[in-house]
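Just below is one structure, and these are the notes that go with it.
FYI, it's all coordinate maths here, none of it is from the lab. Every value quoted in this text rests on a predicted model; they were computed, and no experiment measured them. We place every Cβ from the backbone using ideal geometry, glycine too, and count neighbours over all the protein chains shown.
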C-alpha cells in the first residue's frame, strides 16, 4: 500500500497534459474496441479460433467486450485506473499471443503492443491530477 501512495505522489507531481491526453485516448480506444467486439461478435469468435480448444474459451469471449467497455470508460475518466488496467492486461496479452498462434497480422500486433505498453505505463503511473481519482481524493 505504501508503494501505491508513493507512486501516486510522484505521478501527481509530474502530471503533464500529453500524458493525460494519452490516458484519455487509451480509454476511448478501448471503449470503441469493446463496442466493435459487441457489434461484430463473429469477428471476436474468429479471432479466438486458434484458442478454441482452451478451457473456458466461451467465458473469455464474454469477458472481453464488457471489460473493454467498462475499463475504457474508467480509464478515460481516471476513475480506478489501475484496477481497470489490471483487467485489460490479460486481454491485451491474449491479443499479442493470438497474432503468433494464428495468422500474423502486423497491424494488429503493432496496435496490441502499443496498447500493452501504454497500459503498463499507466499501471505504474496511475491516473494523474486530471482524473476523478484525484478529484475525489481532494474532496475528502
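Under the definition of Cα pairs under 8 Å and six or more residues apart, what whole-number percent is the relative contact order of the range 2-139?
33 percent
Contour minus end-to-end for residue 60 and residue 132, with contour as 0.36 nm per residue of separation and end-to-end as the Cα-Cα distance?
Here the segment from residue 60 to residue 132 would lengthen by 23.0 nm.
Mind jotting down the three principal axis lengths of the chain based on Cα atoms? Whole angstrom, largest first.
Between the extreme Cα coordinates on each principal axis of the chain lie 48, 26, 25 Å.
Give me 96, 64 sorted ascending by neighbouring Cβ count inside 10 Å, so fewest comes first.
In order of increasing Cβ crowding within 10 Å: 96, 64.
Where does helix 2-13 land angle-wise versus the long Cα axis of the chain, in degrees 0 to 90, nearest 10?
70 degrees
Based solely on its DSSP helices, what 222 nm [θ] is calculated for the chain when runs of n ≥ 4 H residues each add -39,500 (n - 2.57) and the sum is averaged over all residues, nearest 500 deg cm²/dmol?
-26500 deg cm²/dmol
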